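**Q** Submitted below is the structure of interest, expressed as C-alpha cells.
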Amino acid sequence: MKLLLTIALTLLRAKLRQSIVAAVGVMFSITMFVALLGFMNGLNDLLDGLILNRTPHVRLYNELQASPKQPIDVDYEEHVGTDFPPTHHFVRSVKPKDDLPRLRNAEAIMQAMERDPRVMAVSPRLVAQVFFNVGTVDLNGQVNGIDVVQEIRHYRFADYLTQGDPHDLATGNNTIVLGKGLADMMAADIGETVQVTTAAGDRALLRVVGIFQSGIADYDKVQCYANIKTVQKLLARPGSYYTDINLKLHDLTAAPAMARELAARFKVDAVDVQTANAQFETGSDVRSIISYAVGVVLLIVAGFGIYNILNMMIYEKLDAIAILKATGFSGSDVRRIFLLLSMIIGLVGGVTGLLGGFTMQTVIDNVPFETAALPTTKTFPIDYDPKYYIIAVSFALLTTWIAGWFPARKAAQVDPVEIIRGK
Amino acid sequence: MSGSPNILDVEKVNKSFHDPVTVPVLKDVSFSVRSGEFVSITGKSGCGKSTLLYILSTMDTEYEGDVVIDGERTQGLGGERLAAIRNEKIGFVFQFHYLLPEFSVLHNVMLPGLKLGRKSAAEVEADAMARLKELEMDGQALKMANQLSGGQKQRVAIARALINDPLIIMGDEPTGNLDKRNAEIVFGIFQHIAAEHRRSLLIVTHDPDFAARTDRNIVMDDGRIVS
C-alpha cells in the first residue's frame, strides 16, 4: 500500500497544476458548505431562540372555561335506568364557572416537579392584567410576576434587558421592568414611577428599574415584568397564589408527552413548546434543507472536476499503466493507485476547505448586524458546530471516492498488450 | 523451483482473432525453454510471433492450449496470480523502453522489486544499483528517465527486467529501436545474463544476425513453428 501511495503521489506531482485545480474545486465547495451551514444554523438558532429561549418547555396553567359537565348533566346520568327516565334538556349561553385563574395546589405541584429527574428548572409565574394610568389615558398592560433569579438563569431574562439591572428587580419591592414599546408610550425612564390599576380597581405605584426588549414589537407594547411578590401584593393575594408553572426540561423532545402526563396527573391545563410554536421547526427545517442542497450541489460539481482530471490523467498515463501491469502490478493495484490519487485530492481539498470554511465563518461572525428586533445581537450569528465540519469532510471524501472510482476502474481494465503492441 | 529442467513449456497453443472475421493466428504451437537457454523467435511480420510472446507473458489470456511457467499452468489463473507470476518470474524488455518519466532511473528499476516486497526498500535499492552498475548505468541512477538517450533507456529497462531475478526474460524486438552499436551492447548484455546468471531468454526479433547468434532460433510462419 505504501508503494501504491508513493506511485500515486509521484503521478500527482507530475500533474501538479491540474491536481491543484481539482483540489481547489473541492476546497471551494467545502468552504461554502461549512460557511453556509454554519451561517444558516446560526440564523436558525437565533430566530428559534427569539421564542424558545423565553418559552417554557411545558407550561402548566388553569384555563377558565365552562365546566365540561354542567349540573344538569349530572341530573341526566342519575336518572338513566330509573323509574323516572331523563328527559331532554337544553341549556344555552353556558358561562365559565366563577373561579380564580390561579393554579390550585401550585406549591405541591412545584415540589413534585422539583423532584422529577426530567425537569431542569421549575419557575412559577403570576400574570396580572393591569392598566397604566398616564395622565388621563389608561394603557392596557400585562404584568408578569416572575422568580427573577430563575428567569435569569433559565430564560435569559437578562439578555433582553436593554437598560437597567435585572437584580434590582429581584431585590427591590414595588419595582417593574417595562417593555420598550410601553415605556416609549409612557415616556417612562429608569428611576421614574408609574401608576397601575388592577382589574379589581386597586392602585399602586411601581418604580421602573429596567427596559425590556424581546424583539417582537407587539409583545413589548403590553408586557412588563415584576417580582412575583410584588404582583401578589398588587392583586392582594397570598404568597402561594400562582397562575402558571413553567418547566424547563433536560430533553426538549420529551415535552409533548410530559405535558399530557402532567395535565392528567394534576388536573390542570398544560401546553408544550412544540404545540405552542409549531411553525419554528418548519422554518428551520426548510432553511437547513436548502443549505444542504446547495452544499451537496457544489460538491457534485467539484466531483465532476476530479472525474475529468483523472480521466485525462489516465489517458495520458496509459503507457505507465501498461508497464506497471507488465511488471507485476495487478488491475486492482492500478485501481487503488488512481483511487488514492483521487482521495488525496479530496482530502487536501477537504481539509483546506475546512480551514477556509472556519475562516469564512469567523469573518461572517464579525460582520456587524444590528437590528432593533434583536437587542442582544451585534454581529451575524454563526453556529460553529463541529458536526458540519464532519459532514463536510465525509461528503468530500465520498464525492472524490465516487468521482475517482469510475476512472480508476477504467485504468484497472486497461489491456497492457493493446498499449504495448500499439507502439 | 520445480523439478522440471524446463522453465517454460508451451503445448498446443491455438489463438484466433475474431474481429471482424475469425482468423487463426497461432496453430498448435508447442515448444520448451530450458533453464539458461537463449532462444530467439523469428518470422515474417504478421506470423504471430509477438502474439505468442504476449500469451507466454501471461498478459494475453485468450487462447487455447497450455502454457506452463516454472511448473505452474497459467491457463485459468486469476489476474492477481498472473500479475504475481509476471512480477516474480518474468522480466520484460520491449521495443520501446516504457520507463516512467516521473520517476528517477533508480526508482524505475526498483518498482517491480518494491512490488514483490520480499526485500526491504534499502535492499531493493542496493540490488537496483548493482544491476545498473552491471549495465554501466550507475552514473545515471539519479537522473530522471526522460533525460537518457535511447540506448541508455533500453539498458535501464533491462535492469528493471532483472531486478527480481526472474527465471526468464522475454523481449519483443528489444533492439528494434536501437542503432547498430547500442544493439550490440544489448545483445552482449543478454548473452552475459544467459551465461553468467543462468537465466533463460526468449527474444522475438526480426534481425537475422541477432537470431543466428542465439542458442536456438525458432522460426515461425503463418502461426506455426517451422523450425
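**Q** If you take the residues in region B:40-57 that are polar (S, T, N, Q) and buried (at least 24 other Cβ atoms within 10 Å of the Cβ), which one is nearest to the other protein chains (Cβ to nearest Cβ)?
**A** Of region B:40-57, the ones polar (S, T, N, Q) are B:40, B:42, B:45, B:50-51, B:57.
After this cut, where a residue has to be buried (at least 24 other Cβ atoms within 10 Å of the Cβ) as well, the list is B:40, B:57.
Details: B:40: 19, B:57: 7 Å.
Among those that are polar (S, T, N, Q) and buried (at least 24 other Cβ atoms within 10 Å of the Cβ), it is B:57.
**Q** Given A:351, A:301, which one is at pLDDT 90 or above and assigned to a helix (DSSP H, G or I)?
**A** On the way: A:301 fails: at pLDDT 90 or above.
Checking each option against the conditions leaves just A:351.
**Q** Follow-up question, since we're still on this one. Show me the helices (runs of 4 or more DSSP H) entirely contained within region A:141-188 in which 3 or more residues are surrounded by 19 or more Cβ atoms within 10 Å (Cβ to Cβ).
**A** It comes to A:148-155, A:180-186.
**Q** Only one of these conditions is not met by residue A:330: (1) in contact (Cβ under 8 Å) with a residue 12 or more places away in the chain; (2) surrounded by 18 or more Cβ atoms within 10 Å (Cβ to Cβ); (3) of a type outside the set (Lys, Arg). Which number is it?
**A** Exception for residue A:330: condition (1).
**Q** Here's something else I'd like to know. Among the residues of region A:93-110, is there at least one that is surrounded by 11 or more Cβ atoms within 10 Å (Cβ to Cβ), of a type in the set (Asp, Glu) and at pLDDT 75 or above?
**A** Yes, because at least one residue in region A:93-110 is surrounded by 11 or more Cβ atoms within 10 Å (Cβ to Cβ), of a type in the set (Asp, Glu) and at pLDDT 75 or above.
**Q** Are any residues in region A:313-329 in a loop (DSSP other than H, G, I, E, B) and either within 7 Å of chain B (Cβ to nearest Cβ) or among the acidic types (Asp, Glu) (or both), and if so, which ones? Step through it out loud before you land on a result.
**A** Taking region A:313-329 and keeping what is in a loop (DSSP other than H, G, I, E, B), we get A:317, A:327-329.
Hits for region A:313-329 are A:327, A:328, A:329.
**Q** Name every residue in region B:58-80 that is among the small types (Gly, Ala, Ser) and at the interface with chain A (Cβ under 10 Å from one of its Cβ atoms), in order of residue number.
**A** Let us first name the residues in region B:58-80 that are among the small types (Gly, Ala, Ser), namely B:65, B:71, B:76, B:78-79.
B:78, B:79 - these are the residues of region B:58-80 that are among the small types (Gly, Ala, Ser) and at the interface with chain A (Cβ under 10 Å from one of its Cβ atoms).
**Q** Is there a residue in region A:305-312 that is part of a helix (DSSP H, G or I) and within 14 Å of chain B (Cβ to nearest Cβ)? Quick ask: steps written out before the conclusion?
**A** Filtering region A:305-312 for residues part of a helix (DSSP H, G or I) gives A:305-312.
Add one more test, that the residue is within 14 Å of chain B (Cβ to nearest Cβ), and what stays is none.
Scanning region A:305-312 turns up no residue that is part of a helix (DSSP H, G or I) and within 14 Å of chain B (Cβ to nearest Cβ).
**Q** Which residue out of A:200, A:158, A:188 is at pLDDT below 90, in contact with a helix residue (DSSP H, G or I) (Cβ under 6 Å, 6 or more places away or on another chain) and outside the structural domain of residue A:377 (by TED's automatic domain parsing)?
**A** Working: A:200 fails: in contact with a helix residue (DSSP H, G or I) (Cβ under 6 Å, 6 or more places away or on another chain); A:188 fails: in contact with a helix residue (DSSP H, G or I) (Cβ under 6 Å, 6 or more places away or on another chain).
Exactly one of A:200, A:158, A:188 is at pLDDT below 90, in contact with a helix residue (DSSP H, G or I) (Cβ under 6 Å, 6 or more places away or on another chain) and outside the structural domain of residue A:377 (by TED's automatic domain parsing), namely A:158.
**Q** Just the residues that are over 26 Å from residue A:243 (Cβ atoms) and either touching a strand residue (DSSP E or B) at 6+ places or on another chain (Cβ under 9 Å) or assigned to a helix (DSSP H, G or I) (or both), please, taken from region A:67-122.
**A** Scanning region A:67-122 gives A:71, A:72, A:73, A:74, A:75, A:76, A:77, A:78, A:79.
**Q** Report yes if some residue within region A:55-67 is surrounded by fewer than 17 Cβ atoms within 10 Å (Cβ to Cβ), touching an Asp or Glu at 6+ places or on another chain (Cβ under 8 Å) and without any contact (Cβ under 8 Å) to a residue 40 or more places away in the chain; otherwise report no. Please lay out each step first, then the result.
**A** So the first thing to find is which residues in region A:55-67 are surrounded by fewer than 17 Cβ atoms within 10 Å (Cβ to Cβ), and the list is A:63-67.
Within this subset, residues satisfying the condition of being touching an Asp or Glu at 6+ places or on another chain (Cβ under 8 Å) are A:63-64.
Next, from what is left, pick out any that are without any contact (Cβ under 8 Å) to a residue 40 or more places away in the chain: A:64.
Scanning region A:55-67, I find at least one residue that is surrounded by fewer than 17 Cβ atoms within 10 Å (Cβ to Cβ), touching an Asp or Glu at 6+ places or on another chain (Cβ under 8 Å) and without any contact (Cβ under 8 Å) to a residue 40 or more places away in the chain, so the answer is yes.
**Q** Take region A:1-17 and flag every residue that is surrounded by fewer than 18 Cβ atoms within 10 Å (Cβ to Cβ) and more than 9 Å from chain B (Cβ to nearest Cβ).
**A** A:1, A:5, A:9, A:16, A:17
**Q** Pull up region B:114-131, narrow it to residues that are at pLDDT below 90 and within 20 Å of residue B:170 (Cα to Cα), then point me to the one that is nearest to the other protein chains (Cβ to nearest Cβ).
**A** The selected residue is B:115.
**Q** Another one. Given B:159, B:145, B:212, B:183, which one is without any contact (Cβ under 8 Å) to a residue 60 or more places away in the chain and surrounded by 24 or more Cβ atoms within 10 Å (Cβ to Cβ)? Talk me through it step by step, then tell me what you get.
**A** On the way: B:145 fails: surrounded by 24 or more Cβ atoms within 10 Å (Cβ to Cβ); B:212 fails: surrounded by 24 or more Cβ atoms within 10 Å (Cβ to Cβ); B:183 fails: surrounded by 24 or more Cβ atoms within 10 Å (Cβ to Cβ).
Sole residue among the options that is without any contact (Cβ under 8 Å) to a residue 60 or more places away in the chain and surrounded by 24 or more Cβ atoms within 10 Å (Cβ to Cβ): B:159.
**Q** Tell me, yes or no, whether region A:239-256 has at least one residue that is surrounded by 13 or more Cβ atoms within 10 Å (Cβ to Cβ), without any contact (Cβ under 8 Å) to a residue 24 or more places away in the chain, in contact with a strand residue (DSSP E or B) (Cβ under 6 Å, 6 or more places away or on another chain) and assigned by TED's automatic domain parsing to the domain that holds residue A:68.
**A** Yes, some residue in region A:239-256 is surrounded by 13 or more Cβ atoms within 10 Å (Cβ to Cβ), without any contact (Cβ under 8 Å) to a residue 24 or more places away in the chain, in contact with a strand residue (DSSP E or B) (Cβ under 6 Å, 6 or more places away or on another chain) and assigned by TED's automatic domain parsing to the domain that holds residue A:68.
**Q** Would you please name the residue that is nearest to the other protein chains (Cβ to nearest Cβ), looking only at residues in region B:83-108 that are polar (S, T, N, Q) and farther than 13 Å from residue B:171 by Cα? Step through it out loud before you land on a result.
**A** Filtering region B:83-108 for residues polar (S, T, N, Q) gives B:87, B:95, B:104, B:108.
Subsequent filtering for residues that are farther than 13 Å from residue B:171 by Cα retains B:87, B:104, B:108.
Values: B:87: 2, B:104: 10, B:108: 9 Å.
The extreme case among them is B:87.
**Q** Report the residue count in region A:383-413 for those that are under 30 Å from residue B:99 (Cβ atoms), more than 10 Å from chain B (Cβ to nearest Cβ) and crowded, with 18+ Cβ neighbours inside 10 Å.
**A** Summing the residues that are under 30 Å from residue B:99 (Cβ atoms), more than 10 Å from chain B (Cβ to nearest Cβ) and crowded, with 18+ Cβ neighbours inside 10 Å in region A:383-413 gives 6.
**Q** Still on this structure: Of all residues being farther than 20 Å from residue A:23 by Cβ and among the basic types (Lys, Arg) in region A:307-338, which is farthest from the chain's Cα centre (by Cα)? Just the residue, please.
**A** A:325
**Q** Return the residues of region A:225-271 that are small (Gly, Ala, Ser) and touching a Phe, Trp or Tyr at 6+ places or on another chain (Cβ under 9 Å); say none if nothing qualifies.
**A** Narrowing region A:225-271 to residues small (Gly, Ala, Ser): A:226, A:236, A:239-240, A:254-255, A:257, A:259, A:263-264, A:270.
Of everything in region A:225-271, just one residue is small (Gly, Ala, Ser) and touching a Phe, Trp or Tyr at 6+ places or on another chain (Cβ under 9 Å), namely A:270.
Quick grid of which residues meet (1) within 11 Å of residue B:52 (Cβ to Cβ); (2) modelled with pLDDT of 85 or more:
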residue	(1), (2)
B:1	no, no
B:6	no, no
B:12	no, yes
B:15	yes, yes
B:19	no, no
B:22	no, yes
B:33	no, yes
B:41	yes, yes
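**Q** Now for a different question. Within region B:105-135, can you find the residues that are more than 13 Å from residue A:3 (Cα to Cα), small (Gly, Ala, Ser) and crowded, with 18+ Cβ neighbours inside 10 Å?
**A** B:128
The values are calculated or read from the model by the stated rules, or taken from the named source; none is laboratory data. Predicted, not measured: the structure shown is a model, and the values here were computed from it. Please note: Cβ atoms are built from the backbone with ideal geometry, for glycine as well, and neighbour counts cover all protein chains shown.
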